[in-house]
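K.L.:
Mind having a look at this structure? Questions to follow.
The values are calculated or read from the model by the stated rules, or taken from the named source; none is laboratory data. All values reported here derive from a predicted model rather than from experimental measurement. No Cβ is skipped: glycine too gets one built from the backbone with ideal geometry, and neighbour counts run over all protein chains shown.
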Amino acid sequence: MPEVLEHSEAIVEACLVEAPHEAAVETAERRAREDLRRQIGRLERSLGELFASAFPRRGFEWNVGAVGGPRVLSTGELERVRDALAVRLHDARDELARQADVEEANRALLEGMIAAPEKHRWLEISRREIGESGCGSYQSRPRLGILGMLFGWWRIRLSSGCPLAKGLRPPAPWARRAADGEEAAQAAAPRRAGAGERRAGGQAQAGPRPA
Amino acid sequence: MSGEPPAGQAPEPESTGGWISPELAEEFPGLGLRELLVERGSGRSPREVKQRLQVLSDRFSGAQAINMRHQPIPWAYRVFYRHIGLDPDEQRTPVEELVLERMKRGGFVSRSLLDDALTIAIIESGVALRAFDADRISGVLGIRSTEPGERLEGRPGELPAGTLVIADAERPLALLFGAVGADRGVGPRTSRTLLVAIRVGGVPQIAVEEALWLATEVLRG
């Protein structure tokens, strides 16, 4: 028994010596985790802002990947999340800058095309290619068809925009309501389907396309 | 002005605070849980609620969906998802899940009174809401980490130790922002619904109260 007591006392003494150290480590780790969480919050905000700025451009990867949860992450895991967010943000900024450069070049080309359509025969630049939303396009075309081609009468035509609404019929509840005579639902449903169609049909092109 | 409800009208239910285990409270100071009991189950949505959903659908545009990520409350949930190891682009936050559905289907689709009430409250407030069958819960709800060997009813296998769950006094009822245990959610036989709002750091308390009030208002008609 005295041995046990001695042993217990030794453990207690050891704990008393080590406790402040362990507590300090724990406090430091908690502060590190708090700091990492703040950094993740800031990166997430920046990524969200970039997401909004980048729309409707395509070609971005936004997913960061999960480390698995829901649970309290360790410092190392939080660092991994932070680093992955930072890499994603960096890549997205680079991609946005690259696309902005392409759009700037396309805008310059469009200005040149408007100034001298005959020098850019049949060249077509879509609104997306100059960073605008919608699905219209500018094209250098001859006035009066073959006559214009022969005499060199070229002009810029802006297409009439997006194709007419098509797509799937609205889901059943909307259809039922339309059948009940709720005109608002009936009128709204095809417009929304059309919006989806426009997005699907309006993918960004790699560059201006001559016909 | 006595504060008493008018004759014939049931008193407004009041929300109560749930508990957060001490280690989680220390780790996530903003984490909180608020619950509110509603003396009714779900059922079919009345015409007014369906109309309200449609008005909400019409009010909600693509531009709002795009800008949602950096609005304070949706952002706070996204950040908290990252903090607990979830990817909000794979497992969507409640409000983003609904917004995505609105964009894909062209509107908020009516499913049941409870679902519609939650949709309206979540979209209006941005706060994450859950609902449980109040008669199948013992004690006050809270958020804690699981111990080794704990299970979520209706799911095969044990939950990994340390998984964050919503639990009552006896067992885990649902994963935090995830699946609900079998028979713990609201079903056709539910007569009393417990609405639960999960608050995370950066979400004001007033928004949580508003979310619960909105859902209750729709449920009570």
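K.L.:
Condition first: in contact with a Gly (Cβ under 6 Å, 6 or more places away or on another chain) and part of a strand (DSSP E or B). Now tell me which residues in region B:99-149 satisfy that.
P.N.:
B:Gly142, B:Ser145, listed by residue number.
K.L.:
Is it the case, given these coordinates, that A:Glu77 is in a loop (DSSP other than H, G, I, E, B) and either touching a Pro at 6+ places or on another chain (Cβ under 8 Å) or within 12 Å of chain B (Cβ to nearest Cβ) (or both)?
P.N.:
no
K.L.:
Just wondering, is there one or more residues in region A:160-168 that are farther than 28 Å from A:Ala54 by Cα, charged (D, E, K, R), assigned to a loop (DSSP other than H, G, I, E, B) and at pLDDT below 90?
P.N.:
Within region A:160-168, none of the residues are farther than 28 Å from A:Ala54 by Cα, charged (D, E, K, R), assigned to a loop (DSSP other than H, G, I, E, B) and at pLDDT below 90.
K.L.:
For the structure I just gave you, tell me whether B:Gly41 is outside any helix (DSSP H, G or I) and over 19 Å from the mean Cα position of the chain (by Cα).
P.N.:
No.
K.L.:
Now a separate question. Which of the numbered conditions does A:Lys119 fail, given that it passes all the others? Conditions: (1) part of a helix (DSSP H, G or I); (2) within 13 Å of another protein chain (Cβ to nearest Cβ).
P.N.:
Among (1) part of a helix (DSSP H, G or I); (2) within 13 Å of another protein chain (Cβ to nearest Cβ), A:Lys119 violates only (2).
K.L.:
Let me ask another. For region A:91-120, what are the residues that are more than 22 Å from the chain's Cα centre (by Cα) and buried (at least 16 other Cβ atoms within 10 Å of the Cβ)?
P.N.:
Passing the criteria: A:Leu109, A:Leu110, A:Met113, A:Pro117, A:His120.
K.L.:
Quick check on region B:13-26. Is at least one of its residues out of contact with any helix residue (DSSP H, G or I) (no Cβ under 6 Å at 6 or more places or on another chain), within 11 Å of chain A (Cβ to nearest Cβ), touching a residue at least 40 places away in the same chain (Cβ under 8 Å) and not in a loop (DSSP other than H, G, I, E, B)?
P.N.:
Yes: one or more hits.
K.L.:
Let me ask another. Return the pair list, or none, for Cβ contacts closer than 8 Å from residues in region B:109-128 that are over 19 Å from B:Ala207 (Cα atoms) to residues that are buried (at least 22 other Cβ atoms within 10 Å of the Cβ) and of a type in the set (Asp, Glu), at least 6 apart or on different chains.
P.N.:
Between residues of region B:109-128 that are over 19 Å from B:Ala207 (Cα atoms) and residues that are buried (at least 22 other Cβ atoms within 10 Å of the Cβ) and of a type in the set (Asp, Glu), the close pairs are B:Ser110/B:Asp116.
K.L.:
Can you find even one residue in region A:91-100 that is in contact with a strand residue (DSSP E or B) (Cβ under 8 Å, 6 or more places away or on another chain), of a type in the set (Gly, Ala, Ser), modelled with pLDDT under 95 and part of a helix (DSSP H, G or I)?
P.N.:
Just the residues of region A:91-100 that are in contact with a strand residue (DSSP E or B) (Cβ under 8 Å, 6 or more places away or on another chain), to begin with: none.
Within region A:91-100, not a single residue is in contact with a strand residue (DSSP E or B) (Cβ under 8 Å, 6 or more places away or on another chain), of a type in the set (Gly, Ala, Ser), modelled with pLDDT under 95 and part of a helix (DSSP H, G or I).
K.L.:
While we're on this one: Among what's in region A:47-68 and is under 15 Å from A:Val81 (Cβ atoms) and either in contact with a strand residue (DSSP E or B) (Cβ under 8 Å, 6 or more places away or on another chain) or facing chain B (nearest Cβ under 7 Å) (or both), pick the residue that is surrounded by the most Cβ atoms within 10 Å (Cβ to Cβ).
P.N.:
A:Val64
K.L.:
Here's another thing I want to ask about it. Among the candidates A:Glu44, A:Glu34, A:Glu29, single out the residue that is in a helix (DSSP H, G or I), buried (at least 19 other Cβ atoms within 10 Å of the Cβ) and either touching a Phe, Trp or Tyr at 6+ places or on another chain (Cβ under 6 Å) or not assigned by TED's automatic domain parsing to the domain that holds A:Gly134 (or both).
P.N.:
After ruling out the rest, the residue left standing is A:Glu44.
K.L.:
Give region B:140-188 a look and list any residue that's of a type in the set (A, V, I, L, M), more than 14 Å from chain A (Cβ to nearest Cβ) and touching a residue at least 60 places away in the same chain (Cβ under 8 Å), or say none.
P.N.:
Within region B:140-188, B:Val140, B:Leu141, B:Val186 qualify.
K.L.:
Note down all Cβ pairs under 7 Å where the first residue falls in region B:84-104 and is farther than 15 Å from A:Gly41 by Cα and more than 8 Å from chain A (Cβ to nearest Cβ), the second is in a helix (DSSP H, G or I) and small (Gly, Ala, Ser), and they're at least six residues apart or on different chains.
P.N.:
Close Cβ pairs (under 7 Å, with a partner that is in a helix (DSSP H, G or I) and small (Gly, Ala, Ser)) amount to B:Val99/B:Ala65; B:Arg102/B:Ser57; B:Met103/B:Gly62; B:Met103/B:Ala65.
K.L.:
Residues being over 21 Å from B:Phe80 (Cα atoms) and in a strand (DSSP E or B): count how many of those fall in region B:156-194.
P.N.:
Going residue by residue through region B:156-194, those that are over 21 Å from B:Phe80 (Cα atoms) are B:156-158, B:168-171, B:181-194.
Those left that are additionally in a strand (DSSP E or B): B:193-194.
Adding up the residues that qualify gives 2.
K.L.:
Another question, if that's okay. Quick one: in region B:34-46, which of the residues that are among the basic types (Lys, Arg) and modelled with pLDDT under 95 is nearest to B:Asp133 (Cα to Cα)? Spell out how you get there, then give the answer.
P.N.:
In the first step, residues of region B:34-46 are kept if they are among the basic types (Lys, Arg); the result is B:34, B:40, B:44.
Applying the additional criterion that residues be modelled with pLDDT under 95 yields B:40, B:44.
Values: B:Arg40: 10, B:Arg44: 17 Å.
It comes out as B:Arg40.
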